[in-house]
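The structure appears right after this line, and notes come after that.
Please treat every number below as a calculation from the coordinates, not as lab data. The structure displayed is predicted, hence computed values, not measured ones. With ideal geometry, Cβ positions are generated from the backbone for all residues, glycine too; neighbour counts draw on all protein chains shown.
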Amino acid sequence: MVKILIKLSEELVAKPTTAEIILEHKVPINIITAHVTSKGGDYLVDIPDESLETVVTAFRKKGAMVTLPKLIEIDKDKCFNCGACVSICPVEAITVAEDKSVNFDQEKCVGSTCSACVEACPARAIKSVKQNNHELENNTH
Amino acid sequence: MKRLVESSGVEVAFREVDVVTTGTFGAMCSSGAIINVGHSDPPIKIEKAWINDVPICHPGAAVDLYIGATSMSERQRLEYGGGHVIEDLVSGKEVELKATAYGTDCYPRTQVKTRLTKDDLNQFYLLNFRNCYQRYNCAVNGSDETIYTYMGKLLPRLRNATFSGAGELNPLMNDPDYETIGIGTRIFLGGSQGYVISEGTQHDPQNSFGTIMVRGDAKQMSPEFLRGASFTGYGNTLYVGLGIPIPILNEGLAKKVAIRDEKIFTNVVDYSVPRKDRPKLAQVSYKELKSGAITVNDRKIKVSSLSSLKTARKIAGTLKSWIANGEFFLTSPVERLPVDSVFKSMRQTEGTPFVVSVMQKPVTCYADEDIRAIAERIVTRSVNHIIVVDEDEKLGGIVTSWDITRAMAEGKTALADIMTRRVVTAKPDEPLDAASRRMAQHNISALPVIDAKRKVLGIVTAEDVSKLLGR
């Protein structure tokens, strides 16, 4: 599965844009987070690797912006395993291991749509890092 | 040891175990370091000093300085502070010292700027006046907004909880009557050896909130056990690693060091209430705290630690190996620490203003009124804020003279279209400082004062606050 970030304009949220793409291309799109108002919105969605090209092309054709979300990264050298980030994480991507070290699961993390842990870290070991969008472009030419 | 007492009893454990090592690694704000930077030529009697832009105290004579862990960088503010300066020096990094002075006949110099490492310092001693809290509160936030505290980021409506302290591994928890920990006790401090020099400030042993004052040679310390930290929206601090060996001198001590997390309780405290005595919502054990979830009013809340249990264990383990290898010798205290001292509150000789003391009678309206009528009321009553209420006098919204002006310009007539419905409010018994801070945070100039049933009691305006508080 690949996580992509879709930004919809005011005009696009007024229409059933996502539903149309799902029906038209018969692709499973799993919405993980969504911030949508009448002025526009953004979704973080999970899509199967093989549908990546179809989905990205379809959204772009309708005028939506498609990017890879920023990823959360924990600098293990800076982290002193306090755990301040653990209770803040809404998706249980950060947990405390048996040996009391802080573990991070990139798969569960919803990245830049949340980022709640970044400012909760007293060691400033957590960063929201931009992904290289080239990969997305190369896959969808 | 704890397991041995449980399986074989106190007597056997007392016979078999000589020393129990303990450890903790947490944010300890009342920490800092004394440094002596040596004399410059011509000499300077430092009046003001900064290291890496962080203001440094000058408590002594010409070139004795104290780096407080919570002092903030003038440029980077919360992102870099005294704790970070100490960590950088301990790591061997070069720091920039700037100092100014008024100049005297014997110390004529008025400015100096130089770069220093710990090797250039005559003395570099960690001197922490309150460390190693025996236990601490568990913090939650009962309000509707995220708050940023020294207990970390607290999500609204009790959506998370934080705690601090090592529980059964805490040094003072294992010697609660201060039989072996006293003035002169040699300890693990910041990766090296240090000493207990006194009870800590705010030492409150009768309520299991004991503390100690410690000192150690920072030149020998390691950044693994001494880390600068930033709490978003709150400030800087220093994470300090501290461990104490407890010699098992008698059966009583063998029993005391067997203490378990399930027997150590602390209060769940609502940090959204900006008072000295905050509401206590529940009591929980360190066992529950370490399990990742606590229960408050039948609700499960995710809880996480602010101090590192992993490093606390490493400290206790390191201390154990030092003792086993003959690198660390236990000392008996030269004097006992007080066990009956009381932590007093500040004596306040002037009254504290509360919202009720400045609130005014509100000018109100109903949601179905015409904007023109409200505009007239603003003029005749000469106010800027009209509170919208329902028939029971309960808060429905607020409308300002600016809202009315804009409505007129846009040709709107219905109040319902322009009033603000999500209103930031105040309570009558709230300190005026807290209400004033909320106005500043939300960039607004008045707060309706409401009771628990949201009935409007009055209004407090920024103008009235500044008249009283002079800001």
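Descriptive notes on the structure:
- Once the Cα gyration tensor of the range B:355-469 is diagonalised, semi-axes √(5λ) in Å: 24, 15, 12
- Fewest-first sequence of B:LYS113, A:LYS3, A:LYS127 by Cβ atoms within 10 Å of each Cβ: B:LYS113, A:LYS127, A:LYS3
- For chain A, cysteines whose Cβ has no other cysteine Cβ within reach (under 4.7 Å): A:CYS79, A:CYS82, A:CYS89, A:CYS109, A:CYS114, A:CYS121
- Between the Cα long axis of helix A:52-61 and the first principal axis of chain A there is an angle of about 60°, rounded to the nearest 10.
- For q = 0.13, 0.18, 0.22 Å⁻¹, Debye-computed log10 I/I(0) when each Cα of chain A counts as one equal scatterer: -0.63, -1.00, -1.27
- Coil-residue trypsin sites (Lys or Arg not before Pro) of the range A:38-100, DSSP, other Cβ within 10 Å capped at 14: A:LYS39, A:LYS76, A:LYS78
- For chain B, the longest piece that avoids every one of the GluC sites (Glu not before Pro) found in DSSP loops with at most 14 other C-beta atoms within 10 Å covers B:146-326.
- Cβ-based net charge around A:ILE126, under 13 Å, with every Lys or Arg adding one and every Asp or Glu removing one: +2
- The Cα center of the range B:50-76 and the Cα center of the range B:23-41 differ in position by 10 Å.
- Taking label positions 7 Å along the Cα-Cβ direction at both B:GLN360 and B:ALA324, the computed distance is 7.4 nm, reported to one decimal.
- Cα-based Kirkwood hydrodynamic radius, the range A:71-129, one decimal, Å: 11.2 Å
- Proximity of backbone amide H atoms, modeled 1.01 Å from N, is registered between B:PHE354 and B:LEU432 at under 5 Å, excluding neighbours fewer than 5 places apart on the same chain.
- When Rg and the Kirkwood radius Rh are both evaluated on Cα atoms of the range B:228-298, their ratio Rg/Rh stands at 1.08.
- Each Lys or Arg adds one and each Asp or Glu takes one away; over the other residues whose Cβ falls under 12 Å from the Cβ of B:GLN134, this sums to -3.
- A convex hull fitted to the Cα coordinates of the protein assembly as shown yields 237 cubic angstrom per residue.
- The mean count of C-beta atoms from other chains within 10 Å of the C-beta of residues in A:108-121, rounded to a whole number, is 2.
- Kirkwood Rh, angstrom, chain B [1 / mean 1/r, Cα pairs]: 25.8 Å
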